[in-house]
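What follows is one structure encoded as structure tokens, with my remarks underneath.
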């Protein structure tokens, strides 16, 4: 993948991902449950600025995020990326760190990568690539240290904590089929840790990407983590470029 | 001043579902009753959630509130939980969730239960709260 193509694809995928997030936030800003729980009244002890963290500002921020994402899709401009960085930060602060955990972290990696790319396109993509590959590897390494993952118990337990009832049934089924659970666990660990092999065999990046797609779709299916799918998809053009160019 | 951990999205920690640690559940009971009821966050599946999944993401953010409060309760001693921001968020969440229940009284109590596999342990009991005052 060429440098320009990788950067364009990263930018456009990120703008799509953040447009969807902006729309989600706007829909949530109409949700009385959210506005009652994460009200400025509850948050003002730590977030003193009503201008930035009032209930109205959340609506405005979500609309600005959507609008900025649409603009970014058509043309990369530094001020748009800076704006999106700031808007995402305000949202994460409102939710006391992150709204959706790891996907918020990857979004910031992508935004910082694009900001860096304004001065050095290669450095920006390399930043994203390193974080992306490390995210898979670190996740797998952490699982390798867990007996629950090595013996297959973890997947069933996590499935049973999903927000979806049918995922609970999948967890129960895995409990009744421990061999399958173990195979799935070991496969997950192997997949995540195995990304390190791309450094030695970069020509298999396409195959690994297909496995990653399947992995993220499965995670979405079991846990409902749609944002993770899009956040990591945005990062893959940088992996394609960097493995093709530097190795 | 904004606490430093509010900026943790800027410092990625790539460990996902690495340990089957305790997860925390929220239960409530009406004052005068002995029966505890769990607050559920389960969601139905719907179309196009790969693109927009606001209800599910909101439910996960709600569960985060419970986890934040549980973590703060376990990490501090000799403190007034009512002063915690996480307590205010949690009681607002409880009040919002209880609008779906027909309660005989507005006085309720909640507890946080740490659960792992089949093991459960209560880590926090609230005082009796008046929902109208939350």
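The values are calculated or read from the model by the stated rules, or taken from the named source; none is laboratory data. If you're wondering where the values come from, they're calculated on a predicted model, not measured in any experiment. Counting neighbours? That spans all protein chains shown, and the Cβs are built from the backbone with ideal geometry, glycine included.
Miscellaneous remarks
Condition check ((1) touching a helix residue (DSSP H, G or I) at 6+ places or on another chain (Cβ under 6 Å); (2) within 8 Å of chain B (Cβ to nearest Cβ); (3) within 30 Å of residue B:131 (Cα to Cα); (4) crowded, with 22+ Cβ neighbours inside 10 Å) across all residues:
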residue: A:24; (1), (2), (3), (4): yes, yes, yes, yes
residue: A:30; (1), (2), (3), (4): no, no, yes, no
residue: A:36; (1), (2), (3), (4): yes, yes, yes, no
residue: A:94; (1), (2), (3), (4): yes, no, yes, no
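- So residue B:64, is it under 19 Å from residue A:25 (Cα atoms) and more than 7 Å from chain A (Cβ to nearest Cβ): yes
- Restricting the range A:171-183 to residues that are surrounded by fewer than 18 Cβ atoms within 10 Å (Cβ to Cβ) and touching a helix residue (DSSP H, G or I) at 6+ places or on another chain (Cβ under 7 Å), the residue that is nearest to residue A:236 (Cα to Cα): A:180
- Scan of the range B:5-31 for residues that are touching a strand residue (DSSP E or B) at 6+ places or on another chain (Cβ under 9 Å) and at the interface with chain A (Cβ under 7 Å from one of its Cβ atoms), ordered by number: B:20, B:23
- Considering (1) away from every other protein chain (no Cβ under 14 Å); (2) under 21 Å from residue A:33 (Cβ atoms); (3) part of a helix (DSSP H, G or I), the lone condition that residue B:73 does not fulfil carries the number (2).
- Among the residues examined, residue A:158 qualifies as at pLDDT below 95, on the phi < 0 side of the Ramachandran plot, over 18 Å from the mean Cα position of the chain (by Cα) and within 12 Å of chain B (Cβ to nearest Cβ).
- Residues that are in a helix (DSSP H, G or I) and more than 21 Å from the chain's Cα centre (by Cα) within the range A:199-212 comprise A:199, A:202, A:203, A:204, listed in sequence order.
- Residue B:98 more than 29 Å from residue A:143 (Cβ to Cβ) and under 10 Å from the mean Cα position of the chain (by Cα): no
- Residue in the range A:8-19 that is facing another protein chain (nearest Cβ under 7 Å), modelled with pLDDT of 95 or more and buried (at least 23 other Cβ atoms within 10 Å of the Cβ) present: no
- When residue A:131 is tested against the conditions (1) without any contact (Cβ under 8 Å) to a residue 60 or more places away in the chain; (2) in a helix (DSSP H, G or I); (3) farther than 15 Å from residue A:6 by Cα, the lone failure is (1).
- Checking residue B:51 against (1) closer than 15 Å to residue B:122 by Cα; (2) at the interface with chain A (Cβ under 9 Å from one of its Cβ atoms), the condition it does not meet: (1)
Results for (1) over 30 Å from residue A:52 (Cβ atoms); (2) in contact (Cβ under 8 Å) with a residue 24 or more places away in the chain, shown as yes or no for each residue.
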{"site": "A:72", "(1), (2)": "no, yes"}
{"site": "A:114", "(1), (2)": "no, yes"}
{"site": "A:118", "(1), (2)": "no, yes"}
{"site": "A:138", "(1), (2)": "yes, no"}
{"site": "A:142", "(1), (2)": "yes, no"}
{"site": "A:150", "(1), (2)": "yes, yes"}
{"site": "A:157", "(1), (2)": "yes, no"}
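- Residue B:109 vs. criteria assigned to a loop (DSSP other than H, G, I, E, B) and surrounded by 12 or more Cβ atoms within 10 Å (Cβ to Cβ): no
- Qualifying residue in the range A:75-85 (condition: facing another protein chain (nearest Cβ under 10 Å) and touching a residue at least 24 places away in the same chain (Cβ under 8 Å)): yes
- Unique match (being loosely packed, with under 12 Cβ neighbours inside 10 Å and either under 23 Å from residue A:216 (Cβ atoms) or touching a helix residue (DSSP H, G or I) at 6+ places or on another chain (Cβ under 7 Å) (or both)) among B:38, B:44: B:44
- Candidate set from the range B:8-29 (those that are surrounded by 19 or more Cβ atoms within 10 Å (Cβ to Cβ) and out of contact with any helix residue (DSSP H, G or I) (no Cβ under 6 Å at 6 or more places or on another chain)); member that is farthest from residue A:146 (Cα to Cα): B:28
- Filtered residues of the range A:151-165 (kept if in contact with a helix residue (DSSP H, G or I) (Cβ under 9 Å, 6 or more places away or on another chain), closer than 20 Å to residue B:43 by Cα and surrounded by fewer than 18 Cβ atoms within 10 Å (Cβ to Cβ)): A:160, A:161
- Test: residue in the range B:32-43 that is closer than 21 Å to residue A:30 by Cβ, within 13 Å of another protein chain (Cβ to nearest Cβ) and modelled with pLDDT of 90 or more: yes
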